[in-house]
1. Within segment 109-128, count every residue that is among the acidic types (Asp, Glu) and either within 16 Å of ARG280 (Cα to Cα) or not assigned by TED's automatic domain parsing to the domain that holds VAL287 (or both).
2. Within segment 74-102, which residues are open to solvent by less than 20 Å² (accessible area, probe 1.4 Å) and touching a helix residue (DSSP H, G or I) at 6+ places or on another chain (Cβ under 6 Å)?
3. Can you tell me which residue in segment 114-127 is farthest from the chain's Cα centre (by Cα), limited to those that are assigned to a loop (DSSP other than H, G, I, E, B) and crowded, with 21+ Cβ neighbours inside 10 Å?
4. Considering only segment 223-231, I want to know if a residue exists there that is assigned by TED's automatic domain parsing to the domain that holds GLY163, exposed (fewer than 13 other Cβ atoms within 10 Å of the Cβ) and either part of a helix (DSSP H, G or I) or in contact with a strand residue (DSSP E or B) (Cβ under 7 Å, 6 or more places away or on another chain) (or both).
5. Would you check which residues across segment 39-57 are among the hydrophobic types (A, V, I, L, M, F, W, C) and at pLDDT 90 or above and list them?
6. Could you give me the residue pairs with C-beta distances under 7 Å whose first residue belongs to segment 230-258 and is among the polar types (S, T, N, Q), whose second residue is assigned to a loop (DSSP other than H, G, I, E, B) wherever it lies, and which are 6+ apart or on separate chains?
7. Output yes when any residue across segment 274-284 is of a type outside the set (Lys, Arg), assigned to a loop (DSSP other than H, G, I, E, B) and without any contact (Cβ under 8 Å) to a residue 40 or more places away in the chain, and no when none is.
8. Do we have ALA7 as closer than 24 Å to ASN130 by Cβ and modelled with pLDDT of 95 or more here?
Amino acid sequence: MNAALRAVVLAADHYQIEVVAFRHGYKGLLENESVVLRPHDVLHILQHSGTVIKSARCQRFKTIEAAQQASSVLDENNIQALVVIGGDGSFRGAHHLAQHWHGQIIGIPGTIDNDLYGTDATIGFATAVNIAMDALDKIRDTADAMDRVFIVEVMGRDAGFIGLSSAMAAGAERMILPELQRDKPLTIAALVKHIERVQKVRGEGSYVMVLSEHQWPGGAVALAEQLEAEYHLPCRPCLLGHIQRGGAPAPADRILGAQMGVHAVELIRSGATEVMTGIRGQENVAVPIVDTWQKKHPLDPNLLRIQHEIFNPVKKSQRNH
């Protein structure tokens, strides 16, 4: 998010536009926590995770009264356009505000889940995958040494982008994603059968499973306990949790934030409103903000096919027979 914030400030300065930031998101907007940002305030924030203007959840912003209050605060500060960096919750708030405020609103997609429609990638996703991959690589060392099953739980309760990408990057044997669970929910028996077949094909060794959060009752800990209790499989859970949200931003995220921040300012200059800036292929696009959560951003079917079918040692052995 800092890369996007920096880009907005630098682009605005280039076009002789003043930037006023509100600390702590919508909560800070309601409380008028405003601060003027100039280029020297943001020059060296690229390497820092999170956001220097802070963030906060604000349930109160869903009310009509809060939107009207926010509108008054924006007018008092002579704000003519508002840039919102966030995920679907932030964009729903932006759409709600638009019903009570006359100014322009532009969204910049900042969420590690990568689940917003209209853009190939969202700011934070590449960094989260890097962190998950690094953890999986380290876990593999221990798993190999002890011939153990490890279950690594990653974020993405409604979309399996982190699960798929980290599993593919780290060479996991199995992944349990929301998209795969919808068609045919996995059972303990089916999971054990797969583990045993992998061991039969490859011999004794490690087996690493990537589990998207909320895809198993009780999560990775409960699943590991069931595998040990019911099938006596040595199994260890690992919950990455909010580790995925920290760390130095990956180069891809810094560059993406820069592109989107500049595009947001240029969309404002063009007169656009209630749109999200996105990247499709190598092109900047403007996506109606309501589409970002009303339409589905699917997993890449080719990546899913490669990891779930082509790289599946069990399916390979079944074809050979």
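1. First pass over segment 109-128, keeping only residues among the acidic types (Asp, Glu): 113, 115, 120.
The next check asks that each one be either within 16 Å of ARG280 (Cα to Cα) or not assigned by TED's automatic domain parsing to the domain that holds VAL287 (or both); those that pass are 115, 120.
Of the residues in that region, 2 qualify.
2. Listed by number, the residues that qualify are VAL84, PHE91, GLY93, LEU97, TRP101.
3. Keep residues of segment 114-127 that are assigned to a loop (DSSP other than H, G, I, E, B), which gives 114-122, 124.
Still in the running and crowded, with 21+ Cβ neighbours inside 10 Å: 114-116, 118-119, 122, 124.
Details: ASN114: 4, ASP115: 7, LEU116: 9, GLY118: 14, THR119: 12, THR122: 7, GLY124: 6 Å.
The selected residue is GLY118.
4. Initial filter on segment 223-231 (assigned by TED's automatic domain parsing to the domain that holds GLY163): 223-231.
Filter again for exposed (fewer than 13 other Cβ atoms within 10 Å of the Cβ), leaving 229-230.
Next, only the ones that are either part of a helix (DSSP H, G or I) or in contact with a strand residue (DSSP E or B) (Cβ under 7 Å, 6 or more places away or on another chain) (or both) stay: 229-230.
Taking every residue of segment 223-231 in turn, at least one turns out to be assigned by TED's automatic domain parsing to the domain that holds GLY163, exposed (fewer than 13 other Cβ atoms within 10 Å of the Cβ) and either part of a helix (DSSP H, G or I) or in contact with a strand residue (DSSP E or B) (Cβ under 7 Å, 6 or more places away or on another chain) (or both).
5. From segment 39-57, those among the hydrophobic types (A, V, I, L, M, F, W, C) are 42-43, 45-46, 52-53, 56; that's our starting set.
Passing the criteria: VAL42, LEU43, ILE45, LEU46, VAL52, ILE53.
6. Note: pairs meeting the criteria are GLN244/ILE112; GLN244/MET155.
7. Just the residues of segment 274-284 that are of a type outside the set (Lys, Arg), to begin with: 274-279, 281-284.
Remaining after also requiring assigned to a loop (DSSP other than H, G, I, E, B): 274, 281-282.
This time we only want the ones that are without any contact (Cβ under 8 Å) to a residue 40 or more places away in the chain, so: 282.
So far as segment 274-284 goes, yes, one or more of its residues are of a type outside the set (Lys, Arg), assigned to a loop (DSSP other than H, G, I, E, B) and without any contact (Cβ under 8 Å) to a residue 40 or more places away in the chain.
8. Details: closer than 24 Å to ASN130 by Cβ: yes; modelled with pLDDT of 95 or more: yes.
Here the answer is yes, as ALA7 does meet what is asked.
The values are calculated or read from the model by the stated rules, or taken from the named source; none is laboratory data. Not measured: the values here are computed from a predicted model. Please note: Cβ atoms are built from the backbone with ideal geometry, for glycine as well, and neighbour counts cover all protein chains shown. Just the protein is used for accessible areas: all its heavy atoms, side chains included, with ligands, DNA and RNA removed. Shrake-Rupley method; radii C 1.70, N 1.55, O 1.52, S 1.80 Å.
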